[in-house]
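S.K.: Below: one structure in structure tokens.
The values are calculated or read from the model by the stated rules, or taken from the named source; none is laboratory data. Here the structure is a predicted model, which is why all the values come from computation and not from measurement. Neighbour counts are summed over all protein chains in view; Cβ atoms, including those assigned to glycine, are modelled from backbone coordinates with ideal geometry. SASA here: full protein model, heavy atoms, side chains in, ligands and nucleic acids out. Shrake-Rupley method; radii C 1.70, N 1.55, O 1.52, S 1.80 Å.
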Amino acid sequence: IHTHTGFTGTAALAYPAGFEIFMNINDQQPKCRLMAEQAHTIIRLYGCLILSQGWLVWKTRDVPDPYVRKIFVQGYFMCFTLSTLVMGYKQVFSSEWRGLNWIVTAMFGILSVVYGWFLLTKKLPEFEHSAAGAV
């Protein structure tokens with residue numbers, strides 16, 4: 001997963017036009033060209049966030065403190081839950097979004113459920129690093 005975030009973040013920085021599939025931008029129209037430029041900047045900024053969060057998780061994977069690991073799970077749960085709500089709202093109340101975006105919204109929703117299930121069913125010791133339990 002962390003390799004995926006590194007790849008996605010780097011791709012968003014290097015080739016933001018590849019992420020336009022999730023937006024209704026027709027750069028053949030003059031107004032849309034300006035919107036595309038703005039969208040590229042926003043996509044690149046989001047790519048920075050994705051890349052840096054992947055770096056944080058990758059660098060802290062050897063931290064044995066279960067509380068730190070639980071905080072990451074809480075953060076992902078919050079991120080995916082809020083993303084699902086925002087995207088779902090936009091899908092329901094906007095005529096501009098495509099049906100394809102329901103797939104992305106559902107993926108965010110599934111990730112939210114998985115992280116939420118993990119938070120609700122796992123106790124703090126289960127967040128310990130596997131090497132910490134062997135010591």
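S.K.: Considering only protein heavy atoms, with the full assembly of protein chains and a 1.4 angstrom probe, order L56, L13 by accessible area, largest first. Let's see the in-between values first.
M.R.: On the way: L56 95, L13 60 Å².
Heavy-atom accessible area, descending, gives L56, L13.
S.K.: Could you compute the net charge surrounding R98? Neighbours are other residues with a C-beta less than 14 Å from the C-beta of R98; K and R count +1, D and E count -1. Intermediate results must be reported in sequence, preceding the final value.
M.R.: On the way: positive: K90; negative: E20, E96.
Summing Lys/Arg as +1 and Asp/Glu as -1 gives -1.
S.K.: Ignoring ligands, DNA and RNA, how do M87, M23 rank by accessible area with a 1.4 Å probe, largest first?
M.R.: On the way: M87 30, M23 60 Å².
Output order, biggest surface exposure first: M23, M87.
S.K.: Could I ask something else about it? Ignoring everything but the protein chains, give the 1.4 Å probe accessible area of E96 in square angstrom, nearest 10.
M.R.: Ignoring ligands and nucleic acids, E96 comes out at about 120 Å².
S.K.: Note down the accessible area of F7, probe 1.4 Å, to the nearest 10 Å².
M.R.: That residue has around 140 Å² of solvent-accessible surface.
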